[in-house]
1. For residue 182, what residues show an amide H to amide H distance below 5 Å, using hydrogens built from the backbone and excluding near sequence neighbours?
2. Could you give the distance between the Cα centres of the range 97-142 and the range 29-65, to the whole Å?
3. Just want the answer: with Cβ charges of +1 for Lys and Arg and -1 for Asp and Glu, which residue in 59, 91, 181 is farthest toward the dipole's positive end in the chain?
4. Compute the acute angle (0 to 90°) between the alpha-carbon long axis of helix 21-30 and the principal axis of greatest extent of the alpha-carbon atoms of the chain; round to the nearest 10°.
5. Compute the distance in nm between two label points, each set 7 Å from the Cα along the Cα-to-Cβ direction, one at residue 71 and one at residue 177.
6. Calculate for the chain the 222 nm mean residue ellipticity that helices alone would give, adding -39,500 (n - 2.57) per DSSP H run of length 4 or more and normalising by residue count, nearest 500 deg cm²/dmol.
7. Using R₀ = 25 Å, calculate the FRET efficiency as 1/(1 + (r/R₀)^6) where r is the Cβ-Cβ separation of residue 121 and residue 57; round to 0.05.
8. Using the heavy atoms of the protein chains and a 1.4 angstrom probe, tell me the accessible area per residue for the range 1-133 in square angstrom.
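The values are calculated or read from the model by the stated rules, or taken from the named source; none is laboratory data. In this text the structure is predicted, and so the values were computed from the model without any measurement. Positions of Cβ are generated from backbone atoms using ideal geometry, with glycine treated the same way; all protein chains shown enter the neighbour counts. For the accessible areas, the whole protein counts, side chains as well, though only heavy atoms, and no ligand, DNA or RNA atoms are used. Shrake-Rupley method; radii C 1.70, N 1.55, O 1.52, S 1.80 Å.
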Amino acid sequence: MALTHVFFDIGGVLGTNGWDREQRSHALQKFSIEDEDFEHRHHQVVGEFETGAMSLEEYLDVTVFYTPRLFSREDFELYMLSLSEPNPYALEIVKHIAAAGRVRLMTMNNESAVLNVYRIERFGLKNLFTAFLSSCWLGLRKPQRMFFERGLAIAQAEAGSSLLVDDREQNLAPAATIGMHTIHYKNPESLAKELSQYGVL
C-alpha cells in the first residue's frame, strides 16, 4: 500500500528536545537549582504537564517556585524557550516532501502546550505540517499505543499507509505493533535515504 501520511517527531528530529534531561540540566546549572530535588519533583508531574492536565505555571510552582528564588518566573520561562533550536537539515528534507505533495505531513510528539506552540512557531512548522498531534492536546503520551491509535483516527489515516519518523526506538515499537511503518532517525543523511526508499522524497 502506498504511503498517504508521514508523521514526524519534533524533539530530536526537527530540532532540539524541548525540556528533556539535557535542557533541564542547562537550566538547573544556570539558575543554581539543586538537581536531585528538581528531578524528583519533575518526574512527579511531567506526565500531567505534557498531557495538558497541568499548566506551565502549575508545573513551575511544583518544581521551581515552591520556595523564594533570586530570579523571576519570567526569566526562567524565557530561558526554557531559548533552549529550543531547529534542525535546518531535517527541516529542509521536510520542505522537499511538502513540495512534492505525495503525502500528508503531520507531527506526533510529546510536549507541554507552551513549549509546543513556541517550537511550532520557532521552527516554522505551520507552513509544512497540516496537523500537530501532540501529547498536550491528545491527553496521551508516546509510547502509549493509544496515542498512535488516537492520532491515526484524528488524521483519518490507515496504519499500513502511515510512516512515523522518531529518534527513540521505544516510541517506534508500539507504532510498528499497530502496523505503522517506522524510521529510526539518526541523522539527516540516513533519513533522506530511507524516505527516498519509501518514495516520498
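1. Placed amide hydrogens put 164 under 5 Å from residue 182.
2. The two parts, judged by their Cα centres, are 23 Å apart.
3. 181
4. 30
5. Those two pseudo-labels are separated by 3.9 nm.
6. Numbers: 10 runs with 101 residues, N = 201.
Calculated at 222 nm, the ellipticity per residue is -15000 deg cm²/dmol.
7. Values: r = 20 Å, r/R0 = 0.80.
Using R0 = 25 Å, I get an efficiency of 0.80.
8. On the way: 6510 Å² over 133 residues.
Solvent-accessible surface per residue comes out at 49 Å².
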